[in-house]
Amino acid sequence: MQSTMFYNIMPDGTVKQVNPFTGTEVWAVAGRGKKPVTNESPVTARPVEVRDPEDYCSFCPARYFETPPEKSRLIRNQEIWERIDMLSTDKYKGTTAEFRRLGNMFEIVTLDYWRKNYAYKMSAARQKWKEEYLANPSGLKHITDIIHYKLKQEGRTEEQIEKMPMGDKLLIADAFFSGGHELIIAKRHYRPGATVDADLFSSGDMTLEEHFRYFKFTIDAIHDIAATNKYVRYVSVFQNWLRPAGASFDHLHKQLVALDEWGASIENQIKMLREDPNVFNDFGANFAAHHNLVFAENDHAIAFAGIGHRYPTIEIYSRSHAGRPTEHSEDEIRGVSNLVQAIHAAMGNQISCNEEWYYTPIDAVYKMPWHVLIKWRVNVPAGFEGGTSIFINPMTPIELRDRMVPRLYKLRDENRIDRLRIAEECRVDPNPLKYYLK
Ligand SMILES: [Zn+2]
């Protein structure tokens, strides 16, 4: 039996936990989540017809014009990867996008929010891109089609849309060129050789190189969002995988949302850092190591089963001295990316999950390590949680660890993931996270 104020295994196997960083109180009852991690298709899966290029949803390669204009596109020629910024419509069909970066048609934090609250103005480069885009007849058609679609989705009638002055419509389009809520869209909808609609292409289906490019492209977007809008204090990055995790598309994508504050959770973590600069080792990595929750690592990152989460949660921490992904070297990004890819690969594509990034905010002077939480959306908090503020997690941290380990060994044997150190192979040195050093 192990007992601390944060992690307490009761004689009957119930694990009472308090998240050291959020204070969330959670109980897990051992043996509740018996369903094994599987890559088999559910019985409800329906056959799917293979089409090339894919055209199953608005994020698919055959339907480039159903999304707002591309701020960036990543293309690949054999081993050479190249980024093209601020595309013109003529460039859409000439290359195949491995990843696309574009504005979210339905922003959480809108361009108007920045305009009205901060007198934010579009940068000269973006203004020029917009003007050139609209000066091209195919560009103008693309934009008016997208605005039409957006207005319809928001409940306007055909007649109302028809009557709306062109100037007003084009003002809406500003958000596509310069808003701070963006999407990073992966190329594939289904896995190669898919036979049923459950064969969706997930992060774990990428090669290590593809997943690294996905991460790097996202990190470039964080950098660019902050460089384009000086009022931004934090860029939230997340990936919702499958409908139960909040995804409105089954097609793999990440989202970035520019914010003018850090949010309560990061605010609190920065406060903790001020009191104990080593808090992410003390209550993160060291704590996990002492309780045998660390299950995978490489030279740049470490993964363990998290405690005190409403959902079964895997935490991946960067070991870098740097506190922001934008300040990581390529090797360090690769290290974090490889570990995250391995977790997704081990989970398979059937578990809905949220991938959430946390890192040192743009204007923070206290360094917090870049870390990624992968939350399995396998349970729905119910009435008990509402009444007691105690959350029931269907899996103990040890059970979560033990689900992952055999899968990781198997994938490593098959060369599907990085040469990670797994389970007992992990060195778990004290203070593995180096963010607290200069
Ligand atoms: Zn698609």
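The values are calculated or read from the model by the stated rules, or taken from the named source; none is laboratory data. Fair warning: this is a prediction, and the values are worked out from it, not measured in the lab. All Cβ positions, glycine included, derive from the backbone under ideal geometry; neighbour counts span all protein chains shown.
Just give me the residues in the stretch 127-148 being aliphatic (A, V, I, L, M) and either modelled with pLDDT under 95 or crowded, with 16+ Cβ neighbours inside 10 Å (or both), in sequence order.
Selection gives L134, L140, I143, I146, I147.
To keep it simple, each residue is scored yes or no on (1) aromatic (F, W, Y); (2) crowded, with 21+ Cβ neighbours inside 10 Å; (3) in contact with a Leu (Cβ under 7 Å, 6 or more places away or on another chain).
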site	(1), (2), (3)
D199	no, no, no
T207	no, no, no
F215	yes, yes, no
R233	no, no, yes
F238	yes, no, no
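If you scan the stretch 238-286, which residues turn out to be small (G, A, S) and either under 27 Å from F99 (Cβ atoms) or within 16 Å of the ligand (Cβ to nearest atom) (or both)?
Residues satisfying the conditions are A245, G246, A247, S248, A258, G263.
Across the stretch 94-112, what is the number of residues that are in contact with an Asp or Glu (Cβ under 8 Å, 6 or more places away or on another chain) and either among the basic types (K, R) or free of Cβ contacts under 8 Å to residues at least 24 places away in the same chain (or both)?
Qualifying residue count for the region: 2.
Can you give me the ranges of the strands (runs of 3 or more DSSP E) entirely in the stretch 327-418 with at least 3 residues that are of a type outside the set (S, T, N, Q) and surrounded by 19 or more Cβ atoms within 10 Å (Cβ to Cβ)?
Qualifying strands (runs of 3 or more DSSP E): 353-358, 371-376.
Does K438 qualify as being among the charged types (D, E, K, R) and either modelled with pLDDT under 95 or in contact with a Ser or Thr (Cβ under 7 Å, 6 or more places away or on another chain) (or both)?
Yes.
From the list V257, V294, V237, V232, which residue is in contact (Cβ under 8 Å) with a residue 60 or more places away in the chain and closer than 18 Å to E425 by Cα?
Being in contact (Cβ under 8 Å) with a residue 60 or more places away in the chain and closer than 18 Å to E425 by Cα holds for just one of V257, V294, V237, V232, which is V294.
Hey, could you check the stretch 303-330 for residues that are within 18 Å of the chain's Cα centre (by Cα) and polar (S, T, N, Q) and say which is nearest to D282 (Cα to Cα)?
Per the stated criteria, the residue is S318.
Within the stretch 48-89, can you find the residues that are under 21 Å from F212 (Cα atoms), of a type in the set (D, E, K, R) and either within 13 Å of the ligand (Cβ to nearest atom) or at pLDDT 95 or above (or both)?
Hits for the stretch 48-89 are E70, K71, R73, R76, E82, R83, D85.
In the stretch 188-223, how many residues are of a type in the set (A, V, I, L, M, F, W, C) and either in a helix (DSSP H, G or I) or closer than 15 Å to R83 by Cβ (or both)?
The qualifying residues number 7.
So which residues in the stretch 307-326 are out of contact with any Gly (no Cβ under 9 Å at 6 or more places or on another chain), of a type outside the set (A, V, I, L, M, F, W, C) and not in a helix (DSSP H, G or I), if there are any at all?
H309, R310, Y311, H321, G323, R324
Taking the options R319, R334, R274, name whichever one is among the basic types (K, R) and under 30 Å from K71 (Cα atoms).
The match here is R334.
Pick from the stretch 292-326 the residues that are among the charged types (D, E, K, R) and over 29 Å from P394 (Cβ atoms): which of them is surrounded by the fewest Cβ atoms within 10 Å (Cβ to Cβ)?
D299
Mind checking whether some residue in the stretch 189-201 is under 19 Å from the mean Cα position of the chain (by Cα) and closer than 30 Å to Y113 by Cβ?
no
Give V43, V29 a once-over and let me know the one that is exposed (fewer than 12 other Cβ atoms within 10 Å of the Cβ), more than 16 Å from the ligand (Cβ to nearest atom), among the aliphatic types (A, V, I, L, M) and more than 26 Å from the chain's Cα centre (by Cα).
When all the criteria are applied, what remains is V43.
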